[in-house]
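Chemist: The structure's right below; bear with me while I get my questions together.
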Amino acid sequence: MKKVYYILIALLPLQWIALSWVKKNPEWVEGVFSQSIYPYIFKTHRFFFHQLPFSFGDLFYAMIAILLIVGCVQIVKKPRAYFKKNLIQVFAIFSLILLVFHISWGLNYYRTPLHESLGYSLEYNEIQLTETLNKLIEINNELHGRLTNSDTVPVRVPYSKDVLAKMIENDFSFEAQQYQVKPFVKNSLWSTLLSYMGYAGYLNPLTLESQVNKHIPKLNYITTLAHEMAHQLGIAAENEANYISFYTTINHPDPFVQYAGYSFAFRYCYSELFKANPEKAKELISNLKPGIIKNFSALSSFWKQYQNPFEPYLKKGYDSYLKANGQVLEIQSYNAMVALVIAHSKSTSYTLDKFY
């Protein structure tokens, strides 16, 4: 067994060299890994994990957490004895996890950026942002009127979360990607913990299971489903997964799903305008129907009840993870989807006729 440990440790510098080359060759990652190899990797993972009635990845993380706690206790008690006995094993396990992570999914972080594949420019100004927000306000108001009987009533999604998951799975679509199998999603076993951590969902990069926090409001649940499925199908960057969530939901045949997508995009675009021009942002949001504001308030209220002093540190840890995988905007990369939404808006004429 020690020979295996030494081989895995020897692979660490080789992995670093290979990764340095991969980062400089996104076209190779796109053509060879993401488009050709990864679909078969996902098919294999799907075969083993799709039918399980629980999340194997959640249980795996729980096991890792227990081992870490036990290890920390042993380090505190007898640090020299622990490192003397386990240091080689720790480095070997780290090397193995790193290798499996990149081969199973992580290389997707270094594929050709989505905006290049789509021919989108990420440059935009305040005027274009305002124009996009006005379009989103018009469509959100129109859909809200169709789905409720009063301007002051929030939209209430009539489907269960299990039904919503099947709806998104069955109609997941994105024209720039040639997906060969359908994605799938599971409710996380640790949804309450995710709520306190401030997360709506995540992808396990080792088992390729998409996990969603089952406690979040349904409108947020819908867009999180599509976001995590985008990750599952090889879209690693958070802004790109957010954009595909927007694209998939607004093109879904169900108006409640469409409303979730358009209101999702509005929240992000409004946030960006508020940073640049708070007065203009406040003026625009006053044009939304009160019922839509109530939907936003319900989402805000949900997250407020789980606020805790540890959440910022957990987010900082995720920042470090994103940065280590080439996401220079770190957690702010979620907000970078605004540029893609604006580019989409410029290339698409939103028509309300399709809602009838």
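Chemist: Any residue in the stretch 278-300 that is out of contact with any Cys (no Cβ under 6 Å at 6 or more places or on another chain), modelled with pLDDT under 75, β-branched (V, I, T) and under 27 Å from L122 (Cβ atoms)?
Modeler: Scanning the stretch 278-300, I find no residue that is out of contact with any Cys (no Cβ under 6 Å at 6 or more places or on another chain), modelled with pLDDT under 75, β-branched (V, I, T) and under 27 Å from L122 (Cβ atoms), so the answer is no.
Chemist: Taking L52 as meeting all but one of (1) in a loop (DSSP other than H, G, I, E, B); (2) surrounded by 14 or more Cβ atoms within 10 Å (Cβ to Cβ), write down the number of the exception.
Modeler: Unmet condition: (2).
Chemist: State yes or no: is T192 in contact with a helix residue (DSSP H, G or I) (Cβ under 6 Å, 6 or more places away or on another chain) and surrounded by fewer than 24 Cβ atoms within 10 Å (Cβ to Cβ)?
Modeler: Considered against the rule, which asks whether it is in contact with a helix residue (DSSP H, G or I) (Cβ under 6 Å, 6 or more places away or on another chain) and surrounded by fewer than 24 Cβ atoms within 10 Å (Cβ to Cβ), T192 comes out as no.
Chemist: Same structure again: Filter the stretch 248-274 for residues that are in a helix (DSSP H, G or I) and either without any contact (Cβ under 8 Å) to a residue 12 or more places away in the chain or closer than 18 Å to S160 by Cβ (or both) and give the result.
Modeler: T249, P255, F256, V257, Y259, A260, F274
Chemist: If the Cβ limit is 7 Å and pairs must be 6+ apart or interchain, which residue in the stretch 1-20 that is in the same structural domain as V100 (by TED's automatic domain parsing) and farther than 15 Å from I97 by Cβ pairs with which residue that is loosely packed, with under 14 Cβ neighbours inside 10 Å and of a type in the set (A, V, I, L, M)?
Modeler: Hits for this filter: zero, empty list.
Chemist: Restricted to the stretch 22-38, and to residues that are crowded, with 19+ Cβ neighbours inside 10 Å and of a type in the set (F, W, Y), which residue is nearest to G234 (Cα to Cα)?
Modeler: The selected residue is Y38.
Chemist: Something else about it: With respect to F266, determine if the residue is more than 16 Å from the chain's Cα centre (by Cα) and at pLDDT 90 or above.
Modeler: Taking the combined requirement at face value, the residue satisfies it.
Chemist: Before we move on, is A10 more than 20 Å from the chain's Cα centre (by Cα), part of a helix (DSSP H, G or I) and under 30 Å from W190 (Cα atoms)?
Modeler: Against the criterion (more than 20 Å from the chain's Cα centre (by Cα), part of a helix (DSSP H, G or I) and under 30 Å from W190 (Cα atoms)), A10 does not qualify.
Chemist: Okay, next question. Is it the case, given these coordinates, that F47 is outside the structural domain of S191 (by TED's automatic domain parsing) and surrounded by 12 or more Cβ atoms within 10 Å (Cβ to Cβ)?
Modeler: no
Chemist: So if I check each of N187, N204, N134, N213, which one is more than 22 Å from I64 (Cβ to Cβ), assigned by TED's automatic domain parsing to the domain that holds I292 and not small (G, A, S)?
Modeler: N134
Chemist: Can you find, within the stretch 135-163, the residue that is surrounded by the fewest Cβ atoms within 10 Å (Cβ to Cβ) among those that are within 11 Å of C269 (Cβ to Cβ) and among the aliphatic types (A, V, I, L, M)?
Modeler: Per the stated criteria, the residue is I137.
Chemist: Could you please find all residues in the stretch 98-115 being outside any helix (DSSP H, G or I) and loosely packed, with under 14 Cβ neighbours inside 10 Å?
Modeler: Correct list: empty.
Chemist: Okay, next question. Counting only residues that are in a helix (DSSP H, G or I) and in contact with a helix residue (DSSP H, G or I) (Cβ under 6 Å, 6 or more places away or on another chain), which one in the stretch 116-134 is surrounded by the fewest Cβ atoms within 10 Å (Cβ to Cβ)?
Modeler: E126
Chemist: May I ask you to list pairs of residues, at least six apart or on different chains, whose Cβ atoms are under 6 Å apart, with the first in the stretch 168-188 being at pLDDT below 80 and the second being of a type in the set (F, W, Y)?
Modeler: F174/Y247
Chemist: Mind checking whether some residue in the stretch 76-95 is among the small types (G, A, S), loosely packed, with under 15 Cβ neighbours inside 10 Å and in a helix (DSSP H, G or I)?
Modeler: Yes: the stretch 76-95 contains one or more residues that are among the small types (G, A, S), loosely packed, with under 15 Cβ neighbours inside 10 Å and in a helix (DSSP H, G or I).
The values are calculated or read from the model by the stated rules, or taken from the named source; none is laboratory data. Please read all numbers here as calculations on a predicted model, not as lab measurements. Using ideal geometry, Cβ is built from the backbone for each residue, glycine included, and neighbour counts are taken over all protein chains shown.
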